[in-house]
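Student: Here it is, the structure in full.
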Amino acid sequence: GDSVTQMEGPVTLSEEAFLTINCTYTATGYPSLFWYVQYPGEGLQLLLKATKADDKGSNKGFEATYRKETTSFHLEKGSVQVSDSAVYFCALSDQARAQKLVFGQGTRLTINP
Amino acid sequence: ETGVTQTPRHLVMGMTNKKSLKCEQHLGHNAMYWYKQSAKKPLELMFVYNFKEQTENNSVPSRFSPECPNSSHLFLHLHTLQPEDSALYLCASSRELAGSSYNEQFFGPGTRLTVL
């Protein structure tokens with residue numbers, strides 16, 4: 001079945017550092033890919049998405065590119081802030097079952113001032 | 001404020017208790033979901049309701065019983081749970097449009113459940 005694998009956390013960085021959180025997936029067909037973020041005490045929020053190969057999703061300085069050849073959707077940000085501290089989830093949905101999101105295990109990110 | 005509220009936010013129950021989790025969405029959506037978030041495991045979809053009809057049951061044990069009386073409310077009734085059922089239970093909603101490949105799911109803050 002479909003699956004998503006994220007890099008193990010936790011990840012700790014200093015403010016203004018470059019961030020990469022790796023995500024790879026296994027799926028039949030052509031899934032849509034997502035990054036969700038969960039701030040402390042809150043539910044998940046959609047951060048960005050890409051629905052086809054080579055699409056780049058971006059939001060709040062974060063970017064991720066849908067790479068079909070490497071089945072990857074790595075999350076990047078050039079300069080992180082303390083307010084970016086959260087848990088980040090990579091997810092996919094299959095076109096045939098669009099409502100069924102398959103999530104990675106989440107990566108906890110802590111940014112120190 | 002995501003427009004999806006969940007009550008209670010925290011719940012401690014014994015294995016013989018019966019309790020219910022409540023979710024309400026104020027977004028005019030027509031689909032609602034229950035997810036389970038356990039420590040060190042991926043988020044798991046439990047149930048999906050579309051227009052009050054259950055369309056997905058992801059092999060969830062019968063000690064979890066969902067109820068969707070209308071498109072704005074979703075309940076999860078719990079009885080004779082096990083300690084391994086302790087987790088964060090998240091509700092989500094979305095506006096499902098015919099022919100759309102994906103519609104964003106909006107999540108509530110969750111109910112932290114502890115089963116003793």
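The values are calculated or read from the model by the stated rules, or taken from the named source; none is laboratory data. Quantities reported herein were computed from a predicted structural model and do not represent experimental measurements. We place every Cβ from the backbone using ideal geometry, glycine too, and count neighbours over all the protein chains shown.
Student: State all residues of the range B:41-60 that are under 28 Å from A:VAL87 (Cα atoms) and either of a type in the set (Ser, Thr, Tyr) or surrounded by fewer than 15 Cβ atoms within 10 Å (Cβ to Cβ) (or both); if no residue qualifies, say none.
Tutor: B:LYS41, B:TYR49, B:ASN57, B:ASN58, B:SER59
Student: I'm trying to understand the selection: among the residues of the range A:1-23, which are of a type in the set (Gly, Ala, Ser) and surrounded by 13 or more Cβ atoms within 10 Å (Cβ to Cβ)? Walk me through how you get there before you give the answer.
Tutor: Initially, the range A:1-23 is screened for residues of a type in the set (Gly, Ala, Ser), giving A:1, A:3, A:9, A:14, A:17.
A:SER3, A:GLY9, A:ALA17 - these are the residues of the range A:1-23 that are of a type in the set (Gly, Ala, Ser) and surrounded by 13 or more Cβ atoms within 10 Å (Cβ to Cβ).
Student: Next up: Can you pull out the strands (runs of 3 or more DSSP E) entirely within the range B:16-116 that have at least 2 residues that are in contact (Cβ under 8 Å) with a residue 24 or more places away in the chain and basic (Lys, Arg)?
Tutor: B:18-25
Student: Can you list residue pairs whose Cβ atoms sit under 6 Å apart, with the first residue in the range A:38-51 being within 10 Å of another protein chain (Cβ to nearest Cβ) and the second being in a strand (DSSP E or B) and surrounded by fewer than 20 Cβ atoms within 10 Å (Cβ to Cβ)? Count only pairs 6 or more apart in sequence or on different chains.
Tutor: Within 6 Å, the pairs are A:GLN38/A:VAL87.
Student: Looking at B:GLU24, is it more than 15 Å from the chain's Cα centre (by Cα) and either at pLDDT below 95 or under 20 Å from A:GLY41 (Cβ atoms) (or both)?
Tutor: The answer is no for B:GLU24.
Student: When residues of the range A:39-63 are filtered for being among the basic types (Lys, Arg), under 13 Å from A:HIS74 (Cα atoms) and surrounded by fewer than 14 Cβ atoms within 10 Å (Cβ to Cβ), how many remain?
Tutor: Looking only at the range A:39-63, we keep the residues that are among the basic types (Lys, Arg), and these are A:49, A:52, A:56, A:60.
Within this subset, residues satisfying the condition of being under 13 Å from A:HIS74 (Cα atoms) are A:49, A:56.
Now drop any that are not surrounded by fewer than 14 Cβ atoms within 10 Å (Cβ to Cβ), which leaves A:56.
The qualifying residues number 1.
Student: Only one of (1) surrounded by 21 or more Cβ atoms within 10 Å (Cβ to Cβ); (2) free of Cβ contacts under 8 Å to residues at least 24 places away in the same chain fails for A:ARG97. Which number is that?
Tutor: Of everything listed in (1) surrounded by 21 or more Cβ atoms within 10 Å (Cβ to Cβ); (2) free of Cβ contacts under 8 Å to residues at least 24 places away in the same chain, A:ARG97 misses just condition (1).
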